[in-house]
Amino acid sequence: MLKLGVIAAGNYPRSISVDALIVAGGGGGGFDMGGGGGAGGYRTLSAQTLNLATNYTVTVGAGGSGGIYTSVIPTSGNTSTFNSTNTTGGGRGGSRDTGSSGAAFLGGSGGGGNSNSGTAGGTGNYGGYSPVEGYAGGTGVNNAASSAGGGGGGSAAVGNNASGSTPGTGGAGTANSISGSSVTYAAGGAGANIGSSGNPANATANTGNGGVGGGEGGGTIFSPAGGSGIVILRYPNTNTITIGAGLTGSTATVGANKVTTITAGTGNVSWA
């Protein structure tokens, strides 16, 4: 005989469906008529079935650092991760007089080529994913009359080649509405020429954008850092997330869902 109000343990829900956006850190821009930094790798997950009361790893990749003329070479961005899904940091932009080849600029999206020898940009989709996580950077130009860096690759398009003294523009990013409003992530940084600003601003945090190339000018010449990555998780509003130590994040209710945005760190999340 059944007893009212008693539910067998096996009937309790034990899983949750999660959508995710995972963007890696963008590459730093190149200095002295440098190439633009490549965008951080961009990937999405839809309706992933995950277990409740189970830890899942999250890492938000930092953006690549900028450079200082002749003494500090810019760096590529850093990987972001959710569970077993990774995205590759964006390739650094090529810098004049560093002797770097295009192979040095590869990443989630490739960095733009430098203006020293008309170097080709780096290749994108370094993780070998399908769909691709990003595209190649553009080629730089150097001749007696003009020099300019190529644009960094973006998550939606290749970076543009420099033409004469005109630097390449960065490849386009991708618009995503997982947060409840449309935001564009993972755009490549533009290259620079002799008329560009000597010390441009760093790329915006939590976009995965590549840093733009630095121009040429007197004194110390800096180039900007790429934007840090981001991980956004969307799931039913009937569930509750725990954001573990080491992570910086916040949660909002958007319609029938909750959206957790993680902006920095490495740690675990779990759901109840």
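Using the Karplus equation 6.51 cos²θ - 1.76 cosθ + 1.60 (θ = phi - 60°), what ³J(HN,Hα) coupling, rounded to whole Hz, does each residue of the stretch 121-136 give in order, writing x for Gly and Pro?
With coefficients 6.51, -1.76 and 1.60, one gets x, x, 6, x, 6, 4, x, x, 8, 9, x, 5, 8, x, 10, 6 Hz.
Residue-wise, which Karplus ³J(HN,Hα) couplings in Hz belong to the stretch 164-178, taking 6.51 cos²θ - 1.76 cosθ + 1.60, θ = phi - 60°, and x for glycine or proline?
Once rounded to whole Hz, the list reads x, 8, 8, x, x, 7, x, x, 5, x, 10, 7, 9, 10, 4.
Under unit Cβ charges (Lys, Arg +1; Asp, Glu -1), what dipole magnitude, rounded to 20 debye, does the chain have relative to its Cα centre?
With Lys and Arg at +1 and Asp and Glu at -1, about 760 debye.
What's the extension gain from Ser182 to Thr263 if we count 0.36 nm per residue and subtract their Cα-Cα distance?
27.4 nm
How far is it, in nm, from the label point at Asn55 to the one at Asn143 when both lie 7 Å from their Cα along the line to the Cβ?
My value for the distance between the label points is 5.9 nm.
Thr251 label point, 7 Å along Cα→Cβ, cut-off 16 Å on backbone N: hits in the stretch 30-74?
50-58
Expressed as a rounded percentage, what relative contact order does the stretch 179-254 have, with Cα pairs under 8 Å and six or more residues apart?
Dividing the mean separation by the residue count of the stretch 179-254 yields 27 percent.
Going by C-beta contacts inside 10 Å, put Arg92, Arg14 in order with the fewest on the left.
Arg14, Arg92
Across the stretch 82-93, in residue order, what do the Karplus-derived ³J(HN,Hα) couplings come to in whole Hz, using 6.51 cos²θ - 1.76 cosθ + 1.60 with θ = phi - 60° and x for Gly and Pro?
Taking θ as phi minus 60°, the curve returns 10, 6, 9, 9, 10, 10, 8, x, x, x, 5, x Hz for the stretch 82-93.
With only alpha-carbon pairs counted, each pair once and no self-pairs, how large is the Kirkwood hydrodynamic radius of the chain in angstroms?
18.3 Å
Under the definition of Cα pairs under 8 Å and six or more residues apart, what whole-number percent is the relative contact order of the chain?
Over the chain, the number comes to 23 percent.
Return the long-range amide H neighbours of Asp32 (sequence gap of 5 or more, or a different chain), with a cut-off of under 5 Å between placed amide H atoms.
Gly214, Gly215
What is the Rg over Rh value, at two decimals, for the stretch 41-189, using alpha-carbon atoms and the Kirkwood definition of Rh?
We get a ratio of 1.07 for the stretch 41-189.
Kindly give Rg over Rh for the stretch 105-211, based on alpha-carbon atoms, with the Kirkwood expression for the hydrodynamic radius.
When Rh is taken as the Kirkwood radius, the ratio is 1.03.
Using the Cα gyration tensor of the stretch 156-225, with a ≥ b ≥ c the square roots of its eigenvalues, what is the shape: rounded (a/c below 1.5), prolate (a/b larger than b/c) or oblate (neither)?
Taking the square roots of the gyration eigenvalues as a ≥ b ≥ c, the stretch 156-225 is oblate.
Say the dipole of the chain comes from +1 at the beta carbon of Lys and Arg and -1 at that of Asp and Glu; which of Ala104, Thr253, Ile22 then lies farthest toward its positive end?
It is Thr253.
Considering the alpha-carbon set of the stretch 113-158 alone, what are its Rg and its Dmax in angstrom?
12.4, 42
Taken together, the values in this text are just the output of simple stated rules run on the coordinates, not laboratory data. In this text, all values refer to a predicted model and were calculated from it rather than measured experimentally. As a convention, Cβ positions derive from the backbone with ideal geometry for all residues, glycine included, and neighbour counts pool all protein chains shown.
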